[in-house]
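Structure, as structure tokens:
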Amino acid sequence: MPAELETRDTMDALSVSKYKYGFSTDIEMEAFPKGLNEEIVRLISAKKSEPDWLLAWRLKAYATWLSMEEPNWARIEHPPINYADLYYYAAPSAPAPKSLDEVDPSLLEMYEKLGIPLGERAALAGVAVDAVFDSVSVATTFRDTLAKSGVIF
């Protein structure tokens, strides 16, 4: 049992300490209330200006999900997932930038920390990059060149 206690102590210490290799970038966000229900599905669809057929498909998928049980084939023990405590939509509140010059400097700094080439470095390297933050495209290099080749974002 000493090894188990040592492991548990280590896990407890790690769970309350700050991850030394990570960082976060605080930007203004728009988020819908926590939880998933038909209203949230409709709000997300409306926010994305989706056609009616896609909303109907999402509502059908949501209804199917409600009737499902969590699989247990892996025999993994974990606390139940509290789906009501999750955000299902969050996106930067600023309008999508039309060029790299309009991108929030803190986002550019974040991508720089990650070693992702944006701006001049990407152009010099001839690399096309689509920078995505919280599932929203915030900057794309070579957008016009890509569009001429049929690549759209």
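Here are some notes:
- In region 70-84, the residues that are touching a residue at least 12 places away in the same chain (Cβ under 8 Å) form Cβ pairs under 6 Å with partners that are assigned to a loop (DSSP other than H, G, I, E, B) and surrounded by 10 or more Cβ atoms within 10 Å (Cβ to Cβ), at six or more places apart or across chains, as follows: Y83/L36; A84/G35.
- Taking region 1-107 and the helices (runs of 4 or more DSSP H) fully enclosed by it, the elements with 3 or more residues that are loosely packed, with under 10 Cβ neighbours inside 10 Å and at pLDDT 75 or above are at 52-66.
- Residues in region 26-42 that are out of contact with any Phe, Trp or Tyr (no Cβ under 7 Å at 6 or more places or on another chain) and under 12 Å from R58 (Cβ atoms): R42 alone.
- Cross-chain or 6+ apart pairs with Cβ under 9 Å, region 26-40 first and in the same structural domain as D85 (by TED's automatic domain parsing) and over 27 Å from E109 (Cα atoms), then among the aliphatic types (A, V, I, L, M) and assigned to a loop (DSSP other than H, G, I, E, B): K34/L86; G35/L86; L36/L86
The values are calculated or read from the model by the stated rules, or taken from the named source; none is laboratory data. Worth saying up front: this structure is predicted, and the values here are computed from it rather than measured. When we count neighbours, we look across all protein chains shown, and the Cβ atoms used for this are built from the backbone with ideal geometry, even at glycine.
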